[in-house]
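Peer 1: Please read through the structure below; I'll follow up with questions.
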Amino acid sequence: MAQADKKLHIGIDLGTSRSSTAADNGEKRWITSYVGWPKDFVAAQVVGKEVLFGDEALENRLSLQICRPLERGIIREGIERSEEAVKAIIRHLVELVSKDSDARIHAVVGVPAESLNINKLAIRKAVSEYVHSLMVVSEPFAVAYGMGQLKNAMVIDIGAGTTDFCIMHGAIPGEDDQRTNLNAGDHIDEQLFSNLSEKYPNATFNINMVRQFKEQYSFVGDIDDEIKVEIPVDGKPVMHDIKDEMRRACESILPALIETTAELIAGFDPEFQAKVKKNIILAGGGSLIRGIDGVLQEALKEYGSCKVTCVDDPLFAGSLGALKLAQDMPASYWETL
Amino acid sequence: MISVLIERRNLRMKSNILRGVFEDNLRVLGRRAAPRWGTGFTLSRKLLLSLCTAVVMVLIHGSFPSHQWFPESQIRAGLLYRQPVGVPDLRGPAGALSGEVFQALTENQEVPLWRLLGMGVKTIMIDPGHGGRDSGAIGTRGTMEKDLVLDIARRLKSKLEVYDDYRVVLTRDEDVQVPLKERVELAQRHQADIFISIHLNYLPQKPINIIETFYFGPSDDVKTSRLAEKENAGSEIGLNNFKEMVEKLNDELRLVESRELAVSIQSSLYNSSRKHGSDIFDYGTKQAPFVVLLGVDVPSVLVELSCLSNVEEEKKLNTESHRENIARYLETGILDYLGRNKGEALYGASR
Ligand SMILES: Nc1ncnc2c1ncn2[C@@H]1O[C@H](COP(=O)(O)OP(=O)(O)OP(=O)(O)O)[C@@H](O)[C@H]1O
Ligand SMILES: [Mg+2]
Ligand SMILES: [Zn+2]
């Protein structure tokens, strides 16, 4: 039974490709967002667990029915499984940082801000068994809060499935302050994959390899270095120059990024616009693309002077922000929920 | 001194934000936990009574087969709702008849999580009203509502399909009669994310042309009830569904979303029509007890695109360009609701 006086605050960033979790006991973990169940009895014997997560699930994928719980594609495989997967992964994320289970757990979960904006109830249902009190917030909002950027700021979270935009003006952001588009990491992977398939029709590679190339060499704009990677051709490893393909793939998200940023800002009064433009913050895995802050800042120039920066730790910016929210939240609020 | 002031202001801002987050979450919770009807009893009873009246009207004027009258006590079901546990079984002989409809309407599919997370392929269901022997309204030159709305629905479908993200399904793609119950089932079977029923209005006493958009809810406006009664013909809903109706109604989440969808569509339709010189009036968005909207478990609206009783409008509706325009305005309204028009749409479509 939970002890009333012992509390543990947890912040969770639930992502399509990666999820992270942080608690005020100092624990901080992240996993790739995979969940896998043994395919059959034999597989269960082999892996020795009922359910596997993250890279461990990926490594055992031949024995598992595996999914990325929040991925769009999963829908086809049946709805129940993906609901179960979300539940399992949240539970796992809670357990990763809360070994000490007799504390009351107060958790804030950041989720992608989306258009239909009715996810909160579902998340709440999924985790109510594992935490004592819970709040759900939009992911970019959690990032902003964590950085103390409560007003005159814009956070752009370039994730795997979606890019989420959020304007901060001293209050909790509403619908008009947020946007989402689908030009994010997965989109770059697909572009890079097709660019490479076109240029090297005889080479064999898959989307995971391509993603690794991206995470190692991604860039936009101009760079001096060469980008050479090893891709097997007819079974033999051959070095290929993929600089052009990489640039084109990474830059493919720019038009929508620029346009959405400009449009969202344009909805506010001029004085506020000027302030927000001086404080645009990039977060999410996509903010690691080399040169992206500079290119965005340059592109937005035509709308007036801008300043674009990247968060220090994109992997944990969301979960640490959520944790900060959890800690700052008055106790009476937690008790009511 | 100044820094102290700034500090204070920041603190206040922070605590405002925290309260905002809290209230936001509370509201989500409250939508399920505390029914809206819990407070403001007098008001809710008034709403319920008017809803009830509407239901009765539907029953009387719809194709409900056995003319069973309902005792006063049941009509005052507003009282019943206060003690949901003890709600007497209202299933009379009529109940057996409409058991199937009932199930289609009330089967509780929890909205799947992936969809709530906004990750899903969005399935848009377009419901051209009437069809087959049910022609809907007929203009003075003989133009039939059923044909016009089907044509516009098809145009709308092909427009929305330009965006790869949406699966667009019509409840009918031919001139056939589809009972309302089946339309509801179709929406469920296809797991529609939003549902848009399209109709044309008919105002015999007035020469004017109007646009209005409805989402499900009680109405104490006689005109609206009358319209609902027209559009509901063909359902077999019985009073035994009453409690469920109210519960559904209580699903505020869906209500809020439906209202938003209605507002987007209505403003796009009206603003664009007016810009293009139509002499048309904005009757806004309203709640109305349309059966087809009640049954669908996702944001759903019924649009009365314009008035077939207006002679000028009937002429225009017979031109392809006018129907194409209407489809475009609908498209814009839907995309606005989906939050898409602000940026992404520019890339999705080649306009
Ligand atoms: N160095 C890098 N350069 C470019 N992209 C990267 C880099 N590192 C990670 N990414 C990409 O960032 C994405 C993951 O970012 P993040 O963890 O913020 O996403 P997520 O939160 O899981 O997704 P979403 O926010 O869409 O739910 C992946 O597409 C990943 O390939
Ligand atoms: Mg994310
Ligand atoms: Zn009609």
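The values are calculated or read from the model by the stated rules, or taken from the named source; none is laboratory data. Note that the structure is a prediction, hence the values are computed from the model and not measured. Reconstructed Cβ throughout: ideal geometry from the backbone, glycine too, with neighbour counts over all protein chains shown. Note: accessible area is taken over every heavy atom of the protein model, side chains too, but ligands, DNA and RNA are not part of it. Shrake-Rupley method; radii C 1.70, N 1.55, O 1.52, S 1.80 Å.
Peer 1: Quantify, in whole percent, the carbon and sulfur part of the accessible surface of chain A (1.4 Å probe; protein heavy atoms only).
Peer 2: In chain A, the share of accessible area belonging to carbon and sulfur is 48 percent.
Peer 1: Within chain A, which whole H helices from DSSP have a Cα span along their axis of at least 20 Å and a mean Kyte-Doolittle hydropathy of -0.5 or more, if any?
Peer 2: The answer, listed by residue number, is A:79-97, A:314-328.
Peer 1: For chain A, give the share of DSSP beta bridges that are antiparallel, in percent and rounded to the nearest 5; count only bridges with both residues there.
Peer 2: 60 percent
Peer 1: A further question on this structure: Which lysines does residue A:214 reach when only Cα atoms under 21 Å apart count, and residues fewer than 8 places away in its own chain are ignored?
Peer 2: Straight-line reach from residue A:214, under 21 Å: A:199, A:228, A:243.
Peer 1: Determine the relative contact order of chain A: mean sequence separation of Cα pairs under 8 Å and six or more apart, normalised by residue count, in whole percent.
Peer 2: 20 percent
Peer 1: What do you get for Rg/Rh of the range B:260-318 when both radii come from the Cα atoms and Rh is the Kirkwood radius?
Peer 2: The Rg/Rh ratio comes out at 1.02.
Peer 1: Let me ask something additional. Remind me, what semi-axes does the range A:185-251 give for its equivalent ellipsoid, largest first in whole Å, using sqrt of 5 times each Cα gyration tensor eigenvalue?
Peer 2: 18, 13, 10
Peer 1: Using 20 Å as the Cα-Cα cut-off, could you pick out the over-long pairs in B:223/B:316; B:146/B:181; B:122/B:157; A:39/B:122; A:87/B:122; B:275/B:316?
Peer 2: B:223/B:316; A:39/B:122; A:87/B:122
Peer 1: All other residues with a Cβ under 14 Å from the Cβ of residue A:209 taken together, and with Lys, Arg as +1 and Asp, Glu as -1, what is their net charge?
Peer 2: -3
Peer 1: Take every residue in peptide A:180-186, count the Cβ atoms of other chains within 10 Å of its Cβ, and give the average of those counts.
Peer 2: That average works out to 3.
Peer 1: For chain A, report the % of Cα-Cα distances exceeding 31 Å.
Peer 2: Here the long-distance tail beyond 31 Å is 38 percent of all Cα pairs in chain A.
Peer 1: I would also like to ask the following. If I ignore ligands, DNA and RNA and count only protein heavy atoms, how much of residue B:224 is accessible to a 1.4 Å probe, in Å² to the nearest 10?
Peer 2: 10 Å²
Peer 1: Considering only A:187, A:169, A:240, give the residue with the highest GNM mean-square fluctuation for chain A, with springs between Cα atoms whenever their separation is below 10 Å.
Peer 2: A:240
Peer 1: Quick check of the Kirkwood formula: for the range A:214-323, what is the inverse mean of 1/r over all pairs of different Cα atoms, in Å?
Peer 2: Across the range A:214-323, the inverse of the average 1/r is 16.0 Å.
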